[in-house]
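Just so you know, all these numbers are worked out from the coordinates, no wet-lab data involved. What you are looking at is a predicted structure, and each value in this text was computed from that prediction instead of being measured. Cβ placement follows ideal geometry from the backbone for every residue including glycine, while neighbour counts extend to all protein chains displayed.
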Amino acid sequence: MHRSLLLAACLTLLPVVAPAADSEIRVGVILPVTGPMAKFGEMEVNAMRMACDEINLTGGINGLEMKLLIEDGAGKPEVARAAAEKLITRDRVPVLGGGYSSSCTFAIAGVAQRFRIPFVIGTGSADKITQQGWEYVYRIGPPVSEYPRGMLDFWESVVHPKSVAICYENTLFGTSGAGDIKEYCARRKIEITDYVSYEAGAVDFKPMLVKIKAHEPDVVYMISYIMDASLLMRQSKELNLSPKLFCGGAAGFTMPEFIENAKAASELVASVTLWSPNVDYPGAKEFDLKYSNQFKTRPDYHAVEAYADLYCIADGLRRASSYTPEDIRASLDTTDLVTPFGRVKFETYGKFRNQNRIPTLVVQVIDGKFETIWPKDIASAEPVYPVKPWDKRD
């Protein structure tokens with residue numbers, strides 16, 4: 001047998017037990033601390049550390065101190081995979097949390113399932129992550145196919161688009177989300193003027209945007225991470241690409257840095273989001289205020305997902321009959337927890353297993369800040385639609 005295959009086989013058979021410690025219980029967390037996704041990772045690490053401090057101040061895990069072992073996935077699946085193997089085989093953590101970017105999260109999930117260690121995902125959202133039948137993999141956030149529900153309801157109630165251009169990053173997250181919008185348009189007989197992918201980290205989107213502009217779509221829907229989202233909008237403004245509405249598929253379009261980086265080009269861009277401090281979830285406004293005061297920036301849904309992720313892990317640990325992975329998994333199976341991110345209850349439906357279900361919202365940048373515009377009953381501002389062309393705005 002090839003040496004690497006032999007090593008993998010041996011690791012798979014390695015018995016995994018909770019760490020022997022009298023005063024603490026360790027939780028492994030994998031997030032992008034460096035690399036192009038570090039801003040997302042920073043926000044989620046901040047939120048998880050904040051949650052960990054709160055948990056320990058209120059008694060920890062049945063008297064044990066919770067300790068986070070944070071590993072850098074660097075936005076690279078091979079690095080994230082190695083980090084998961086280290087946490088499981090060397091640090092002997094009984095449970096994993098975190099997970100950002102679908103490609104990295106899928107890699108971590110495969111390791112967790114192989115070693116039979118529960119992995120509670122905060123963010124990584126590609127549908128297939130919870131469609132493998134993996135009993136040790138759980139997800140707090142919705143699958144990416146469910147992200148657009150709030151936006152599509154807004155389209156049907158307010159926008160009524162006749163044509164849509166879809167532009168997306170050619171990652172697992174981007175392609176999965178774009179495909180769902182394409183299928184929706186086909187069902188509704190909405191013309192797709194453009195369906196184009198791009199390489200993450202590109203610096204010149206203008207050739208692609210010029211082609212989109214020539215087709216004059218009613219809506220331009222983009223799925224991008226933070227730097228690409230900002231650059232796409234700045235270059236769209238420079239070209240006077242002016243659909244009736246720009247829409248983002250969450251991710252980079254909901255971060256505070258989007259407004260900071262895109263500046264005037266972010267104005268009136270609408271985006272799917274999974275959370276807003278306006279939602280009527282217990283603790284949502286308090287979380288927003290505490291995070292803002294502590295880290296001097298407003299959180300978006302990534303932060304509250306990570307915060308809820310750790311509280312869910314803590315709840316599972318507290319209710320587990322022991323700290324073995326098997327008993328932790330059994331406890332997670334019966335999770336029913338109210339968090340500032342909403343209710344967390346893992347379900348099996350359709351092709352999904354251990355998947356939480358939450359409603360999605362729509363925000364729009366109005367006068368330089370995010371306002372919730374949909375659903376109507378929790379809106380903090382009226383939507384601005386249709387949007388004037390760039391060259392006709394004040």
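Listed from fewest to most Cβ neighbours within 10 Å, the set Val79, Val219, Val120 follows the order Val79, Val219, Val120. Gain on full extension, evaluated as 0.36 nm per residue between Lys376 and Val203 minus their Cα-Cα distance, stands at 58.6 nm. So how far, in whole Å, is the C-alpha centre of the range 192-220 from the one of the range 78-137? Cα centroid of the range 192-220 versus Cα centroid of the range 78-137: 34 Å apart. Within a straight-line Cα-Cα reach of under 15 Å, Lys86 can be paired with the following aspartates and glutamates, leaving aside sequence neighbours fewer than 8 residues apart in one chain: Glu71, Asp72, Glu78. Which of the pairs Lys244/Lys285; Lys206/Lys351; Lys237/Lys296; Lys285/Lys392; Lys244/Lys376 have their Cα atoms more than 27 Å apart in this structure? From Lys244/Lys285; Lys206/Lys351; Lys237/Lys296; Lys285/Lys392; Lys244/Lys376, over 27 Å: Lys244/Lys285; Lys206/Lys351; Lys237/Lys296; Lys285/Lys392.
Relative contact order for the range 71-216: what is it in percent, counting Cα pairs under 8 Å that are at least 6 residues apart? Before the final figure, lay out the partial values.
Details: 205 pairs, mean separation 23.9, N = 146.
Relative contact order of the range 71-216: 16 percent.
Which residue fluctuates most in the GNM of the chain (Cα springs below 10 Å): Gly59, Gly124, Gly73? The residue with the greatest mean-square fluctuation here is Gly59.
Above 22 angstrom, tally the Cα pairs of the range 187-277 and express them as a % of all pairs, no decimals. More than 22 Å apart: 22 percent of the Cα pairs in the range 187-277. When you count the other C-beta atoms within 10 angstrom of each residue and take the mean per peptide, 345-355, 133-143 line up highest first as 133-143, 345-355.
As a ratio to 2.2 N^0.38 Å, the alpha-carbon radius of gyration for the range 112-262 is 1.11. Taken along its principal axes, the alpha carbon cloud of the range 256-394 reaches lengths of 64, 38, 25 Å, longest axis first. Size descriptors for the range 26-151, from the alpha-carbon set: Rg then Dmax equal 14.2, 44 Å. Normalised by the number of residues in the chain, the average gap of Cα pairs under 8 Å and 6 or more apart makes the relative contact order 17 percent.
Scaled to the globular estimate 2.2 N^0.38 Å, the Cα spread of the range 266-316, given as radius of gyration, is 1.25.
Counting every other Cβ atom within 10 Å of each residue's Cβ, Asp300, Asp288 order from fewest to most as Asp288, Asp300. Based on every Cα atom in the range 119-163, Rg and the maximum pairwise Cα distance Dmax equal 14.4, 43 Å. Among Ser276, Ser321, Ser103, the residue with the largest mean-square fluctuation in a Gaussian network model of the chain, with springs joining Cα atoms closer than 10 Å, is Ser321. One decimal place: the segment Ser322-Glu78 gains 84.7 nm when fully extended, by the rule 0.36 nm per residue minus the C-alpha distance. Among Phe370, Phe295, Phe106, the order by Cβ neighbours within 10 angstrom, fewest to most, reads Phe295, Phe106, Phe370. What separates the Cα centres of the range 314-386 and the range 272-313 is a distance of 11 Å.
Of all aspartates and glutamates in the structure, those lying under 17 Å Cα to Cα from Lys388, and not within fewer than 8 positions of it along the same chain, are Glu216, Asp218, Glu238, Glu267, Asp367.
In the chain, inverting the average of 1/r over every pair of distinct C-alpha atoms gives 21.5 Å as the Kirkwood radius.
For a paramagnetic label modelled on Lys128 (point 7 Å from Cα along Cα→Cβ), amide N atoms under 14 Å away belong, within the range 84-102, to 102. Exceedance of the 31 Å cut-off in Cα-Cα distance is limited, within the set Lys189/Lys263; Lys182/Lys263; Lys39/Lys290, to Lys189/Lys263.
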